[in-house]
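The values are calculated or read from the model by the stated rules, or taken from the named source; none is laboratory data. The structure displayed is predicted, hence computed values, not measured ones. Note that we place each Cβ from the backbone using ideal geometry, even for glycine, and neighbour counts take in every protein chain shown. Please note that ligands, DNA and RNA were not included when accessible areas were found on the heavy atoms of the full protein model with its side chains. Shrake-Rupley method; radii C 1.70, N 1.55, O 1.52, S 1.80 Å.
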Amino acid sequence: MATDRKIAAKRPKPPASHMDLPKLIEQYGSEDKCHAYLEDLRWPQGVECPRCGSRAISRIHKRLQFHCDGPMEGPLPKGAKKRLSCGYQFSVRVDTIFDRSHLPLWKWFLAVYLIGESKKGISSKQLERTLGVSYKTAWFLSHRIRAAMEDDSPTMLRGTVEVDETWLGGKSSEPWANKIMVLGAVQRGGDVRLKVERRPDRKTLHKFVKDTIHDDASAIHTDALAAYGNLSDHNTRHEVVNHRKEEWVRAHVHTNTVEGVWSLLKRSLVGSYHQLSAKHLPAYLDEVAFKFNNRDNPYLFRDTMLRLIGEEPLRYKRLIAS
């Protein structure tokens, strides 16, 4: 999987061009065009058999599949006078997130575009109406795309980093009762990292800072929550703004960037998703972070498709398992 993504990433980038809906329909409005695009992304050096790696491939045009003519690996079977071919038949979908999906690829492409271009997210109910599929299909489709948006190896944040926490859930006199805490760290002009945690105690906050912020970051900005303590060291300043005293900005010191991420997240929950379970919240955070981190990426659609190609299939039973 990783090899496919790594090879595809070496391809020369096309001229920067933002994908819009008319362009999507024009370029990928048929199943043949979608298959050709995925084939080019997945195998830029030519189609390879996923089983044996051979490039001796025949095409089965009517079924949009391939047949491997490469030699079968291992010793010759008893009584065989010549080496048999691998004989594996496969499509561009095999071993990707599209595997075993009966949904036409053009609907997949449209769903990827709609999810990627909707700043506040798009609900499964809206996808159901737009794509003309069942709610179950739209919901499962959304989660498979979100699974590809997860960053498996995030880089550490540097420069000036803002750290904050927010609470999602119902009203309560206790800040953590019936609510879920989300921690966020944003590098100014860079990426965001989001994580679900239980309580904002010192151990939890310091571990989050250590896991997301590089040791040579120049500054960490937080609010005046006592649990942060002193995050300064020999090369990193810890600056604080006291929101309880109506202090929001002091010169260059503020947490407005991460507050903007919370605004996007909460507008998604209120305006698009309305409600979601604690179990699936990390997947929605992955979507918010992915879109924020690619906010200036003119190749967002292509890069999202590369992630879908490199992602293992997410099975429905695993998704709904408790």
* **Proximal charge balance of ARG315 [Cβ under 11 Å; K/R count +1, D/E count -1]** => +2
* Go ahead and set up a Gaussian network model of the chain, Cα springs under 10 Å, then flag whichever of VAL192, VAL288, VAL209 fluctuates most. => VAL209
* Asked: What FRET efficiency, computed as 1/(1 + (r/R0)^6) with R0 = 25 Å and r the Cβ-Cβ distance, is obtained for LYS62 and LEU103, rounded to the nearest 0.05?
  -> 0.80
* To do: Please check the chain for the longest run free of GluC sites (Glu not before Pro) that are loop-located per DSSP (anything but H, G, I, E, B) and have at most 11 other Cβ atoms within 10 Å.
  => 74-245
* Work out, step by step, the length gained on full extension between GLU246 and ARG198: first 0.36 nm times the residue separation, then minus their alpha carbon distance; give nm to one decimal. => 14.6 nm
* To do: Over segment 217-273, give the accessible area per residue in Å² for a 1.4 Å probe, as an integer.
  => 53
* How big is the accessible area of THR236 in square angstrom, nearest 10, if you roll a 1.4 angstrom probe over the protein chains? -> 10
* For each pair in LYS62/LYS317; LYS62/LYS136; LYS33/LYS317; LYS179/LYS203, compute the distance between the two Cα atoms and list the pairs where it is over 28 Å. => LYS62/LYS317; LYS62/LYS136; LYS33/LYS317
* Counting DSSP beta bridges with both ends in the chain, the antiparallel % (nearest 5) -> 75
* Structure fact -> Once CYS68, CYS52 are ranked on solvent-accessible area with the largest value leading and a 1.4 Å probe, the list reads CYS52, CYS68
* **Label-point separation, ASP32 to VAL270 (7 Å along Cα→Cβ), nm** => 5.0
* Calculated FRET efficiency for the pair ALA227/ARG55, C-beta based, R₀ 51 Å, to 0.05 -> 0.35
* **Solvent exposure, largest accessible area first (probe 1.4 Å, DNA, RNA and ligands not counted), of HIS214, HIS61, HIS18** => HIS61, HIS18, HIS214
* To do: Specify whether the C-alpha gyration tensor of segment 51-167 places it in the rounded, prolate or oblate class, a ≥ b ≥ c being the square roots of the eigenvalues: rounded for a/c under 1.5, otherwise prolate if a/b is larger than b/c and oblate if not.
  => oblate
* With all protein chains present, how much of the accessible area of the chain (probe radius 1.4 Å) comes from carbon and sulfur, to the nearest whole percent? -> 51
* Of HIS35, HIS102, which has the most accessible area with a 1.4 Å probe, and how do the rest follow in descending order? -> HIS102, HIS35
* Asked: What nm value, rounded to one decimal, do you get for the distance between ARG318 and TRP167 when each label is placed 7 Å out toward the C-beta?
  -> 3.5
* Structure fact -> Ordered by number, the trypsin sites (Lys or Arg not before Pro) in segment 102-195 that occupy a DSSP loop and have at most 10 other Cβ atoms within 10 Å are LYS171
* Which of the residue pairs LYS195/LYS291; LYS119/LYS245; LYS245/LYS279; LYS119/LYS207 have a Cα-Cα distance greater than 26 Å in the structure shown? -> LYS119/LYS245; LYS245/LYS279; LYS119/LYS207
